[in-house]
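Peer 1: So that we are looking at the same thing, I have put the structure below in structure tokens.
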């Protein structure tokens, strides 16, 4: 079994690779169709802005490759912006469409409260709403590292795995069929984060 | 609820870990006794004359592959390409020095590519005899004659995500953070702020979190980098009702 780490060559995936290496998981960095073919699970890591990120996905036709894999029942885990693009749209730098694999809209913390300090940076708790193997061995309200200015306020109830409280409550992880997403950075969340990555590889 | 962060800041001179006092290298450590599992975040800064040395770049890789917390890297960044180099070696965020603050192009370009959450602007401040605060560049040697609040606002509008506020005279003093300075800036900015410079004991960190609403305390000197001391700092803060990561 091999984990594919999707590299859009926009930002930094060194941290994620370091975490995957620490866990001794076999992986392949995916930049082309050829790379995708050799993988059994996918991670879509995300740093940067939603708009740029989606443009890169489209121009490299990564969306088609992702859809093909999902149709073949391959699991995918979106991280941070990689989580956000799983949904319908975001209003970061104007309204931009996402991959629409899941229902929901990404908005700014500022849309809910002008006073909120953004980005939301640091360690915050994930309250488990629906139990799932992704969080196996992790207690509810464990800390994970977040850094983001946009958020998912709500989605279909049954897909929400955890919620997190900042100035408002938001969705910090989801799961629908073989599609998984986390707003936090598992690769920067020490034991808890490494456990989530391992759970994804082993059980999801 | 968002936890307060304890960030360890390490300064390197020609690849060797030093602590600094008033911005001058003062005491040498080895990186091996840093407890990478208890800290919330790590900052490393190159204070060497010659930046981007192989030694420093390999240090970034060392920390990036050994600590699974956010790693911020600073030292001599004057272009997007400089930042690219640090990101490529495993930085999660980069720290811009005061010297780059008048060049808005750098932070704009970096934020377009990596997002604003990946840029920390450091502001090295000093209270002058006229009782006003000024921002300094060139390791605290050059007064830019500019008000920290104005520069902080400018930085944020140019794409910076976090601010690192240091008082040069408190650096290495162990006398506590400059609460007045931090409060002034924090009350007028709506981004996360990290205080650096001056912590001598746990009570100084407690004072910082009680007196201001900022999200992170950074320190180099008080941690003698044993597992015990970071854990005991966290326990002390927790016992005093500060929300700290477990």
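Readers should treat all values here as calculations from the given coordinates under stated rules, not as data from a laboratory. Everything numeric in this text was worked out from a predicted model, so none of it was measured. We place every Cβ from the backbone using ideal geometry, glycine too, and count neighbours over all the protein chains shown.
Peer 1: Given the options A:154, A:75, A:142, state which has the largest fluctuation in a GNM of chain A using a 10 Å cut-off (strictly under) for Cα springs.
Peer 2: In this elastic network of chain A, the residue with the biggest mean-square fluctuation among A:154, A:75, A:142 is A:142.
Peer 1: Shape verdict for the range A:9-75, please, from the Cα gyration tensor: rounded (a/c under 1.5), prolate (a/b greater than b/c) or oblate.
Peer 2: Details: a/c = 2.03, a/b = 1.10, b/c = 1.85.
Oblate.
Peer 1: Kindly state, to the nearest 0.05, the FRET efficiency for residue A:9 paired with residue B:1, given R0 = 51 Å and r defined as their beta-carbon distance.
Peer 2: Values: r = 36 Å, r/R0 = 0.71.
Once rounded, the FRET efficiency stands at 0.90.
Peer 1: Another question, if that's okay. Among DSSP beta bridges whose residues both lie in the range A:3-203, state the antiparallel percentage, nearest 5.
Peer 2: Numbers: 23 of 40 bridges.
Antiparallel: roughly 60 percent of the beta bridges in the range A:3-203.
Peer 1: For the range A:21-163, calculate the relative contact order in percent as a whole number, restricting contacts to Cα pairs under 8 Å that are 6 or more residues apart. Can you show the working numbers first?
Peer 2: Values: 202 pairs, mean separation 26.6, N = 143.
Across the range A:21-163, relative contact order equals 19 percent.
Peer 1: What base-10 log of the normalised intensity I(q)/I(0) is obtained for the range B:38-171 from the Debye formula, alpha carbons as equal point scatterers, at q = 0.10, 0.12, 0.17, 0.20 Å⁻¹?
Peer 2: Treating every Cα as an identical point scatterer, log10 I(q)/I(0) equals -0.31, -0.45, -0.89, -1.17.
Peer 1: Turning to a different aspect of this structure: In 10 Å bins starting at zero, report the fraction of Cα pairs in the protein assembly as shown per bin as a rounded %.
Peer 2: Taking all Cα pairs of the protein assembly as shown, the binned fractions are 4, 22, 33, 26, 12, 3, 0, 0 percent.
Peer 1: Can you give the mean number of other chain Cβ atoms that lie within 10 Å of the Cβ atoms in peptide B:104-114? Spell out each step's value before the answer.
Peer 2: On the way: counts 0, 0, 0, 0, 0, 0, 0, 2, 4, 7, 7.
Counting other chains' Cβ atoms within 10 Å and averaging over B:104-114 gives 2.
Peer 1: Another question about this same structure. What does the average come to when, for each residue of peptide B:187-193, you count the partner chain Cβ atoms lying within 10 Å of its Cβ?
Peer 2: Working: counts 0, 0, 1, 6, 5, 7, 1.
Average per residue, whole number: 3.
Peer 1: Moving to a separate point now. Neighbouring Cβ atoms within 10 Å as the yardstick, rank B:207, B:162 fewest first. Don't skip to the answer; put the middle values down first.
Peer 2: On the way: B:207 16, B:162 25.
So the ranking, lowest neighbour count to highest, is B:207, B:162.
Peer 1: Starting from a Cα-only point model with no solvent, please compute log10 I(q)/I(0) by Debye for the range A:1-116 at q = 0.18, 0.19 1/Å.
Peer 2: -0.91, -0.99
Peer 1: Averaging over every viewing direction, what projected area does the convex hull of the Cα atoms of chain B cover, in nm²? List each step's numbers first, then the result.
Peer 2: Details: hull surface 47.6 nm².
Value for chain B: 11.9 nm².
Peer 1: Rank by packing, highest mean first: peptides B:70-76, A:1-7, with packing defined as the count of other Cβ atoms within 10 Å averaged across residues. Mind dumping the intermediate values first?
Peer 2: Details: B:70-76: 23.7, A:1-7: 18.6.
Highest-to-lowest ranking by the protection proxy: B:70-76, A:1-7.
Peer 1: Other chains' Cβ within 10 Å of A:46-52 residues: what's the mean?
Peer 2: Numbers: counts 1, 7, 8, 6, 1, 0, 4.
Mean shielding count: 4.
Peer 1: Give me A:27, A:146, B:63 sorted ascending by neighbouring Cβ count inside 10 Å, so fewest comes first.
Peer 2: Details: A:27 18, A:146 26, B:63 22.
Placing the least packed residue first, the sequence is A:27, B:63, A:146.
Peer 1: Mind jotting down the three principal axis lengths of chain A based on Cα atoms? Whole angstrom, largest first.
Peer 2: 47, 38, 30
Peer 1: Mind ordering A:84-93, B:182-191 by average Cβ neighbours within 10 Å, highest first? Don't skip to the answer; put the middle values down first.
Peer 2: Numbers: A:84-93: 21.3, B:182-191: 17.8.
Going from most to least packed, we get A:84-93, B:182-191.
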